[in-house]
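Please treat every number below as a calculation from the coordinates, not as lab data. Quantities reported herein were computed from a predicted structural model and do not represent experimental measurements. As a convention, Cβ positions derive from the backbone with ideal geometry for all residues, glycine included, and neighbour counts pool all protein chains shown.
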Amino acid sequence: MMRTGSGWIRRGALRGAGLLLLGLAPAKAAPESVATALVVSVDVSQSVDESRFRLQMEGIAEALEDPSVIGAITGNPGGILFAMVTWADRANLAVGWRRIANRVDAAATAALVRATPRQAGEFTCLGQMFRTVTDAVLPTLPIPAERVVVDVSGDGIDNCTDADSLAEAHAALLATGATVNGLPILVPGENDVVGAGAYRAPGYGLLPTPLPQERTSLEQWYRAHVIGGPGAFLLAAAGYGDFSRALRRKFVIEISALGR
């Protein structure tokens with residue numbers, strides 16, 4: 001009887017110890033890598049007034065909160081990494097790397113995007129942005145990513161980098177293995193054609209342009225000088241009012257690694 005009782009006590013103690021161990025077990029560790037690291041790189045040069053800037057910030061925030069985008073994010077184990085760069089005369093890391101794994105994370109990141117102050121700057125220094133992303137943003141990835149996507153949006157061509165320097169900066173970014181996608185913002189009557197005679201930074205007019213001297217479309221320029229890398233694509237916005245729609249579609253494609 002005593003032995004039976006002792007046996008019961010021992011079993012109860014073991015059971016209690018097991019429950020205690022279960023209670024103390026560490027939470028499931030976050031994945032040590034993600035499928036996608038996404039850098040959203042936004043033109044905030046002189047042509048982007050306060051209204052246009054806010055349309056871009058709201059468009060990015062709305063895209064992060066969109067159910068289809070959240071579905072794409074949660075379809076990746078561990079979610080994604082997200083960062084936002086704003087650029088004009090120089091590039092600035094406006095929102096540092098954040099992991100987005102669920103709706104709450106997405107909402108918190110969207111709030112940071114909406115709160116981003118407008119950056120001063122006159123020129124469209126795309127080459128400088130490429131260098132900043134290569135040298136200062138991608139090296140700070142907190143965990144490895146299977147693919148890195150740099151999503152570049154803007155309404156004009158580079159007007160402060162000579163042709164060779166722009167090509168070198170672009171090649172250096174692609175050499176990291178990143179994919180650079182383009183979202184040109186087409187404003188009828190304003191940037192229907194770009195190229196010869198484009199507004200340039202002081203001294204730039206004495207240097208070769210990153211374009212042939214003929215006039216061309218902003219989409220053609222983005223294809224030649226912005227996009228590149230595995231699976232790169234371009235998706236244009238029909239004006240700033242269309243930015244949010246275009247970006248939502250682009251995010252789903254980029255995060256899901258879908259073909260077009």
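Computed quantities for the displayed model
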quantity: Approximate spin-label separation residue 111-residue 224, in nm, with each point projected 7 Å along Cα-to-Cβ; calculated: 4.6
quantity: Environment charge at residue 88 (Cβ cut-off 9 Å; Lys +1, Arg +1, Asp -1, Glu -1); calculated: -2
quantity: Note, ³J(HN,Hα) from phi for segment 97-112, Karplus 6.51, -1.76, 1.60, rounded to Hz, x at Gly and Pro; calculated: 4, 9, 7, 10, 10, 7, 5, 5, 4, 5, 5, 5, 5, 4, 5, 5
quantity: Separation of alpha-carbon centers, segment 143-168 and segment 70-113, rounded to whole Å; calculated: 18
quantity: Ranked by how many other beta carbons lie within 10 Å on average, peptides 86-96, 144-154 from highest; calculated: 144-154, 86-96
quantity: Cut-off 13 Å between beta-carbons: net charge of the residues surrounding residue 63, Lys and Arg +1, Asp and Glu -1; calculated: -2
quantity: Sum of side-chain charges, residue 167 neighbourhood, beta-carbon under 14 Å (Lys, Arg +1; Asp, Glu -1); calculated: -3
quantity: Residues residue 216 and residue 141, FRET efficiency given R0 of 51 Å [Cβ-Cβ distance, rounded to 0.05]; calculated: 0.90
